[in-house]
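> Take this structure, written in structure tokens, and hold onto it; I'll ask about it next.
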Amino acid sequence: MAYSQPAVELSPKVSDEIRKTTCYMCACRCGIDVHMKDGKVAYIEGNRDHPVNKGVLCAKGSAGIMQVNAPSRLKKPLLRTGPRGSGEFREISWDEAYSTAVGWLNELHETAPHKLAFFTGRDQSQSFTSFWAQNFGTPNYAAHGGFCSVNMAAAGIYTMGGAFWEFGQPDWDRSKLLMIFGVAEDHDSNPIKMGIGKMKARGAKIIGVNPIRSGYNAVADEWVGITPGTDGLFILSLVHCLLKAGKIDLSYLTRFTNAPVLVNGDPHSPEHGLLLRDADGKMLVLDRRTGKPAAFDAPGVQPDLAGTWRKAGITHRPSFQLLAERYMSDDYAPEAVAETCGLTAERIRHIAAELARVAFEEEIEIDQPWTDFRGVKHDKMIGRPVSFHAMRGISAHSNGFQTCRALHVLQILLGSVEVPGGFRFKPPYPKPIEAHPTPHGHDRPGRPLDGPHLGFPRGPEDLLIDENGIPDRIDKAFTWENPLSAHGLMHMVISNAHAGDPYPIDTLFMYMANMSWNSSMNTRGVIKMLTDRHEDGRYVIPRIIYSDAYSSEMVAYADLILPDTTYLERHDCISLLDRPICEADAAADAIRWPVVEPDRDVKGFQSVLIELANRMSLPGFVHEDGTPKWTDYADYITSHERRPGIGPLMGFRGEDGDQTGRGAPNPDQLDRYIENGGFAVEHIPDEALYYKPWNSAYQDWAVSLGLFDTPQPFLFSLYVEPMRRFQLAAEGHGDRQPPEHLRERIKTVMDPLPIWYPPFEDGHIDPVEYPIHALTQRPMAMYHSWGTQNAWLRQLHGHNPLYLPTRLWQQHGFAEGDWARVSSAHGAITVPVAHMAALNENTVWTWNAIGKRKGAWALSDDAPEATKGFLLNHLIHELLPPKGDGLRWANSDPITGQAAWFDLRVKIEKVPAPDESQPVFPPIKSPVGRGPKDLAWKVGK
Amino acid sequence: MTDLPASTDRKLGLVIDLDTCVGCHACVISCKGWNTENYGAPLSDADAYGGDPSGTFLNRVHSYEITPEEGPAQLVHFPKSCLHCEDAPCVTVCPTGASYKRSEDGIVLVNEDACIGCGLCAWACPYGARELDALEGVMKKCTLCVDRIYNNTLPEIDRVPSCVRTCPAGARHFGDLGDPDSDVSQLVAARGGMDLMPEQGTKPVNKYLPPRPKQDRAEDLDSLAPYLAPVAEDQSGFLGWLDKALDRLPGARSDEEMS
Amino acid sequence: MHPAPSVIIFTTFSGLGFGLLLFLGLGLPPVTGWVAFFLYAIAYACAVGGLLASTFHLGHPERALKAFTQWRTSWLSREAWLSVAALLVMGIYAFAAVFLDTRLTPVGILGAALSLATVSSTSMIYAQLKTVPRWHHWLTPAHMLGLSLAGGALLAGQMTVAAALLAVAAAVQVAHWQVGDSALARSGTNLASATGLGAPGRVRAFEPPHTGTNYLLREFVHVVGRRHSRKLRLIALTFGYGLPVVLLVIPAAPHLLGALAILSHLAGILASRWLFFAEAEHVVGLYYGKRAA
Ligand SMILES: Nc1nc2c(c(=O)[nH]1)N[C@H]1C(S)=C(S)[C@@H](COP(=O)(O)OP(=O)(O)OC[C@H]3O[C@@H](n4cnc5c(=O)[nH]c(N)nc54)[C@H](O)[C@@H]3O)O[C@H]1N2
Ligand SMILES: Nc1nc2c(c(=O)[nH]1)N[C@H]1C(S)=C(S)[C@@H](COP(=O)(O)OP(=O)(O)OC[C@H]3O[C@@H](n4cnc5c(=O)[nH]c(N)nc54)[C@H](O)[C@@H]3O)O[C@H]1N2
Ligand code: SF4
Ligand code: SF4
Ligand code: SF4
Ligand code: SF4
Ligand code: SF4
Ligand SMILES: [Mo]
């Protein structure tokens, strides 16, 4: 009998139409093809032409359809009727919502703008939201960077004009060795995976430094299961080994960094430790030809590292000599640090040797001439094919800033930044500190703030404090407590507002941040602060406005809810003024546009801000005659100009839409973006592809695109002079002086060369009682709390065990299905445990933000997220435990204020399984009802 | 027809690189999305927002831990879908002929119109590659995206399985494993591609590339020592070395032209 | 495997029913008329009832007729054909016996053979599965046939034969358990072969692909505690085999004791069948870390 088989329809029509926009299931901003059937979203896949993801898509991205049809979507503006936290609301019209908000805000704008604190979370329109806040006039604006990764961002910018994160990436096509520190997922989510895939395909080596060996670390060829909080010491020990062996790139150091710049060696000078400059303010180096100081960029100068300059009896040395002296000390020898880091001295040496071998023996050359900013022509691009990447594993510790600095110093010593095979920036980075603003915080009722909120202080003069040292900002950013808090301190806003310290506020306005749950430390405490009342019954934080798209835990704690659209229902702009989608080879930006219209009474939050601004006639938003400049966000995106010819979008500018970067606003710009797949790309010319900070071709290209108005070549700062200025103040120089209790700390931590000190929590609690490090990791398939409302994703991560290493597992006699009580100095949780062998033996961990509050996200009360899931946040406090000095110290990096999530120390005991994970909170009444029972559908059938 | 074809013209299948898979579940969800909209009944989810959510997936990513005799433990992320076996026991057990193996490309499919949902094919599959859809009552399995790979309404470059197209790490490869010259066959040959449960005699078409040997054991360590031979023991020796080294730099003779 | 009531009832009762038909077909006892009607009613109730029960676990019972198409490869399809053939042939035989008072011996023998073949094919549905090492053994057909014959003999009132067959079936049952207990280990399928990851070291399932459950876990991963299993085995042996034999060899009041023996047998066999499924380890459980590696 002949073989017979059914005929299969091999070419079904996939969709009626593809609409190309930008994903927003996380901040990576991949391009997506949204397949539409019958006007509905049917299927989402990656956009192959897109510079970020080149067609691939992660689990969250593919599950976007479930985000757009999630039952947890808010439907209408809400006004609270029950007490805060109850979830009882009344649906109101947009008109009532606007007038309520304007009623609260307008008076503040005219009388005391600082009484509005406006903070945004996981958002990508910061250039717009900050513009709004600036024109409102409040100093109290920031996004979530302060609890996220400001250590990484600020250390990168102060050291080399840009950070890892999504602002730079390894040269995935050429690198031969990648060392990746403390990364589970990162913002550059798909590009990192694509890059690792590329390196793997070439058989290149990856070393993972992480207490936990999962994800990227699981595929790493070598695993360094370091003790949390000790990476800085490990890195400086690598530096020690490389210096001793002379395995550093002297040519690179002399030309492109401040290694040869002379440091004032006069211990009595108020400029001791600052860089020497000539009359034009140019940094001075020793010229090897003459032995005399010369401007670092003077023609023909051959900067010296080995010499010294004696003048008036004082010896001034190149900063490199201070660096070498410090790190060649035996304190940084592998033998001295190995135990603290939980490694062996042999392994540290081995890794240093491997870096040396690949950087200097496997040097690569590209036949590509280029010209540096001094005018020197080079006929080749020399590459040191070792690359590094790092994220919150080193950033989210109280020694994170200096650890990130240490890593950049290591990269620079190897000559592997902005060279083929090394680490590369993505435009608009690199950008020297001088090209960034300083912070501004003076409010003047009725008028805009005196300048942009956030910036990079160059010294104590840039701190935002008044004559009495009182902070200008509610989050106390840019004060002696955390001078370089370039992203603000979102995690301190609620507790400071509650304490009325430095002053009480009237309205807390938040956008897209689940502050009553997973994005706060000390969740229970924050809930209490949000619901706390004065004796007369008024809330301590009088008014809370919140914009969310979904029924999150935070919704229940706000008074007025401004429901946002989902990401497929609105205009957005991923701008070069903000956090664009650039790649190392190209500048690029993108939009989102309503590929479907909302089926609910919701509005894009940015358009809502414009409407509020128009109703309040905020400066900047209205013409002289009071008429609005923009009707909605789409209008703003196309017609707003930051500087003449420069607007939110770089592509299709000018009347004919044929200009990129600079050009008059083009009313058809959004349509042109849509035609082009939702994005615009401008490639960097070949001769400008590497050495960006020093490459004249790159600098000229950047100017032509409008990234800068003039070329901004600069030297990398192994030695960070602005930090020294704070130290000088602490040493008694200058008229802005730190308070006494911070003087010693400033002297120590503001070291212009990287240092390592133990994480603060180690010094505030008893490490014998709390011997275990506790961490979280982001699951690749979940985005913070959003993933849970997604019927597909929640099946992957519906609850989260606490993973224990073999040593603890056996020591406590745990078996599968057991539960443990986990306590920190601050609190306790009782949670399910599981065993993991590929884990640092003193570390436990769990997936981040899986635990949910009953009643949130339109889930049933018995959802596993609420009964077995849990948050580690209950164990973490925004303040360190009292140390007996009468002070409460913030659980933050002392330089940037970054929340030290990963300093947490705990103890563990086995306990009988409770009914559900502890603590249990009462359910919230769902403002959107519950989701349907079963799902089975086909769009278009 | 539940006879297996005597031979198939091609052996289309996947090659999954366990050295590269980072365990991101992208392939799982993109498969869910494509197959909900396409071939056969949608992949349903029961109790989708409730206490015991459970849906149909055609591809799932496990993870395994390996503890070697010496050296630290390792983790391997392990995606698994139908392996499109040459001797597919799921096909021969099927009483209705709903399960069959295509003679032209070896893809194993379920003709849902003929499926009575008896579950026997899932019993016969050693790999857990088949799931009976709870709401539809028919057997679901990986189709190797048969409605993509030949789909002439898609651009040629997109005629690959959804999971392959989406995999961010490039850990999934699709091709003809019957052709020794194909890219996938070459990859299998170069990297020692293996069968799962070879003893079950199913002759899977899909192959797995094993993780490359890790380099984190103690004895891997000493070979590189010469690269760290010290240039100096103290600061003054170091400055001396530095001085000489700077002299040796090409730029030191200022032989670069000025522009 | 999930001990679904539908399959337990199906295999137990269809085994009994076809066992009884077999004996009736062979003329043991050589009944006609009302007695025949009564016995055939029991046999058909068991056989047809069992078959119907098996359709309860179908996703699409309305398409059940399609299950007849694949007799060339599928044991399930063969079972469908054979059962229908057996029921039809025995139907003719029964009709003649009940209403015409005639025993068409050749038809009866054919019907008996078909009944035997039906039970064999049922057993082969399980025995063919390499994926369940406990079942993948000639003892599985031996066990099912043995029980069918013994149960049939019991129902047919063939006391001596029944006692003997029960003894043999008990031995097979014990052997099936014994051999089955080490079947997975002997099969050569383990987590190392399942993942191919055995070379670098010991493999352990770390995280399942999802936190919830799924069809595979519900259907294939059922873990029976050792103590629980021992207890049930004892119950099965005692009630399914031991007690009936004892009751059969007691000479007094054969009918009453016979009925008791049948009830006891049924209870024991249901326990045995529950274990047959619940203890069967499907190799897919290895992937989920639910089997010893
Ligand atoms: N233990 C522990 N806690 C942590 C961390 C950790 O590592 N460990 N990480 C911290 C870090 S780095 C971060 S960034 C925070 C993140 O924490 P959050 O910023 O709070 O992140 P989410 O919880 O995902 O979401 C914020 C809110 O945005 C809403 N949302 C989603 N889409 C939209 C939309 O389109 N419009 C509007 N208006 N709202 C929307 C969601 O519903 C949610 O309520 O968590 C912090 N918390
Ligand atoms: N899928 C997904 N992607 C996301 C997010 C998400 O929620 N889901 N969130 C986005 C956000 S807001 C952020 S901030 C980024 C964060 O991106 P990541 O920085 O990758 O985030 P984490 O998951 O916090 O990972 C921190 C890693 O550091 C390790 N680690 C902790 N302490 C130490 C240490 O002392 N040393 C070393 N070497 N490692 C350590 C942890 O084990 C963990 O692997 O991800 C972004 N991308
Ligand atoms: S990484 Fe995933 S979720 Fe994030 S933007 Fe890209 S596809 Fe979307
Ligand atoms: S998409 Fe690729 S990397 Fe991610 S789990 Fe699947 S195979 Fe692995
Ligand atoms: S993997 Fe399973 S379902 Fe796929 S062909 Fe092989 S036996 Fe059949
Ligand atoms: S479930 Fe469907 S495909 Fe599977 S054996 Fe039964 S009829 Fe065949
Ligand atoms: S080939 Fe298609 S059906 Fe099969 S696992 Fe991949 S996406 Fe799913
Ligand atoms: Mo973050």
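The values are calculated or read from the model by the stated rules, or taken from the named source; none is laboratory data. Everything quoted here is computed from the prediction, not taken from an experiment. Virtual Cβ from ideal backbone geometry, glycine too; neighbours counted across all protein chains shown. What goes into the accessible areas is simple: the full protein's heavy atoms, side chains included, and nothing from ligands, DNA or RNA. Shrake-Rupley method; radii C 1.70, N 1.55, O 1.52, S 1.80 Å.
> With the cut-off at 1.5 for a/c, could you classify chain A from its C-alpha gyration tensor as rounded, prolate or oblate?
rounded
> Still on this structure: Rolling a 1.4 angstrom probe over the protein heavy atoms, how many square angstrom per residue are accessible across chain B?
32
> Between helix A:605-616 and chain A, what is the angle of the helix's C-alpha long axis to the longest principal axis, kept within 0 to 90° and rounded to the nearest 10?
Between helix and principal axis, roughly 90 degrees.
> Determine the share of segment A:168-425's accessible area contributed by carbon and sulfur atoms, expressed in whole percent, with a 1.4 angstrom probe.
47
> Roughly what angle does helix A:231-244 make with the longest principal axis of chain A, taking Cα atoms, 0 to 90 degrees, to the nearest 10?
30
> Using only Cα atoms, locate the centre of segment A:698-760 and the centre of segment A:805-882, then give the distance between them in Å, rounded to an integer.
Each part's Cα centre sits 38 Å from the other's.
> Between residue A:597 and residue A:909, how many nm apart are label points set 7 Å from Cα along the C-beta direction?
6.2
> Turning to a different aspect of this structure: Residues of segment B:60-84 losing 40 Å² or more of accessible surface, assembly versus chain alone, probe 1.4 Å, please list them.
The answer is B:60, B:62, B:63, B:64, B:65, B:66, B:67, B:73, B:75 - residues whose exposure falls by at least 40 Å² when every protein chain is included.
> Which of C:10, A:896, B:246 sits farthest toward the positive end of the charge dipole of the protein assembly as shown, with +1 on the Cβ of Lys and Arg and -1 on the Cβ of Asp and Glu?
Checking the options against the dipole of the protein assembly as shown, the answer is C:10.
> Here is a further query. Restricting to DSSP H runs of at least four residues, report the calculated mean residue ellipticity at 222 nm for chain A, -39500 (n - 2.57) per run over all residues, nearest 500 deg cm²/dmol.
The per-residue figure over chain A is -7000 deg cm²/dmol.
> With unit charges on the beta carbons (Lys and Arg positive, Asp and Glu negative) and the dipole taken about the Cα centre of the protein assembly as shown, which residue among A:57, B:5, A:233 sits farthest to the positive side?
Most positive-ward Cα: B:5.
> In segment A:175-223, what residues drop by 50 Å² or more of accessible area when the other protein chains are put back, versus the chain on its own? Use 1.4 Å, and skip ligands and nucleic acids.
A:193, A:200, A:213, A:218, A:219, A:221
> Using the heavy atoms of the protein chains and a 1.4 angstrom probe, tell me the accessible area per residue for segment A:761-911 in square angstrom.
Value returned for segment A:761-911: 27 Å² of accessible area per residue.
> Put simply, what bits of segment A:229-254 lose 40 Å² or more of accessible area when the other protein chains are there, versus the chain on its own (1.4 Å probe)?
A:244, A:245, A:250
> I've got another one for you. Residue C:38: accessible area at probe 1.4 Å, nearest 10 Å²?
Its accessible surface works out to 130 Å², give or take rounding.
> Need the list of lysines near residue A:852 for cross-linking: C-alpha distance under 24 angstrom, and skip anything on the same chain fewer than eight residues off.
Partners within reach: A:60, A:75, A:76, A:528, A:868, A:907, A:910, A:925, A:933.
> OK, next. Which distance in Å, rounded to a whole number, links the C-alpha centroids of segment B:117-153 and segment A:429-491?
59
> Highest mean first, how do A:205-211, A:615-621 rank when packing is the count of other Cβ atoms within 10 Å averaged over residues?
Working: A:205-211: 25.0, A:615-621: 18.0.
Ranked from most to least packed, the peptides come out as A:205-211, A:615-621.
> Could you work out how far the C-alpha centroid of segment C:26-105 sits from that of segment B:1-63, in angstrom?
First find each Cα centre; the distance between them is then 40 Å.
> Would chain B count as rounded, prolate or oblate if I go by the C-alpha gyration tensor, calling it rounded below 1.5 in a/c and otherwise prolate when a/b exceeds b/c, oblate otherwise?
Verdict is prolate for chain B.
> With a 1.4 Å probe on protein heavy atoms only, work out how much accessible surface C and B bury together, total over both chains, in Å² to the nearest 100.
Details: alone 14720 and 14970 Å², together 25070 Å².
Using a 1.4 Å probe, the pair buries roughly 4600 Å².
> For segment A:761-911, which whole percent of the accessible surface, found with a 1.4 angstrom probe, sits on carbon and sulfur atoms?
Roughly 50 percent of what the probe reaches on segment A:761-911 is carbon or sulfur.
> Could you check the simple spin-label distance between residue B:157 and residue A:704, using points 7 Å along Cα→Cβ, in nm with one decimal?
Using points 7 Å along Cα→Cβ, the separation is 2.6 nm.
> Rounded to the nearest 100 Å², what is the buried accessible area between A and B, both sides summed, probe 1.4 Å?
Details: alone 32740 and 14970 Å², together 38900 Å².
Chains A and B together bury roughly 8800 Å² of accessible area.
> Separate question: So which trypsin sites (Lys or Arg not before Pro) in segment C:1-103 are both in a DSSP loop and have at most 10 other Cβ atoms within 10 Å of their Cβ?
Hits after loop and neighbour filter: nothing returned.
> Also: How much FRET efficiency would the formula 1/(1 + (r/R0)^6) give for residue A:499 and residue A:458, where r is the Cβ-Cβ distance and R0 is 30 Å, rounded to 0.05?
The computed FRET efficiency comes out at 0.50.
> Provide the per residue accessible area, probe 1.4 Å, for segment C:1-128, rounded to a whole number of square angstrom.
So segment C:1-128 comes to 41 Å² accessible per residue, rounded to a whole number.
> Relative contact order of segment B:12-209, please, whole-number percent, based on alpha carbon pairs below 8 angstrom and at least 6 residues apart.
29
> Which whole-number percentage describes the relative contact order of chain A, with Cα contacts under 8 Å and a sequence gap of 6 or more? Don't jump to the answer; show the numbers that get you there.
Values: 2246 pairs, mean separation 163.1, N = 941.
In percent, rounded to a whole number, it is 17.
> Using a 1.4 Å probe and ignoring any ligands, DNA or RNA, find the accessible area of residue B:54 and quote it in Å² to the nearest 10.
10
> I've got another one for you. Counting only other chains, what is the mean number of Cβ atoms within 10 angstrom of the Cβ of each residue in peptide A:305-313?
2
> Further question: Note the per residue figure in Å³ for the convex hull of the C-alpha positions in segment A:761-911.
Taking the convex hull of the Cα positions in segment A:761-911, it is 131 Å³ per residue.
> Expressed as a whole percentage, what fraction of the accessible surface of segment B:70-211 belongs to carbon and sulfur atoms when a 1.4 Å probe is rolled over the protein heavy atoms? Walk me through the numbers on the way to the answer.
On the way: 1940 of 3800 Å².
Carbon and sulfur atoms account for 51 percent of the accessible area of segment B:70-211.
> To continue, here is another question. Over segment A:336-465, what relative contact order in percent results from Cα pairs under 8 Å that are six or more residues apart?
16
> Using the Cα centre of the protein assembly as shown as the reference point, and only Cβ charges (+1 on K/R, -1 on D/E), how large is the resulting charge dipole? Debye, rounded to the nearest 20.
Result for the protein assembly as shown is approximately 4320 debye, rounded to the nearest 20.
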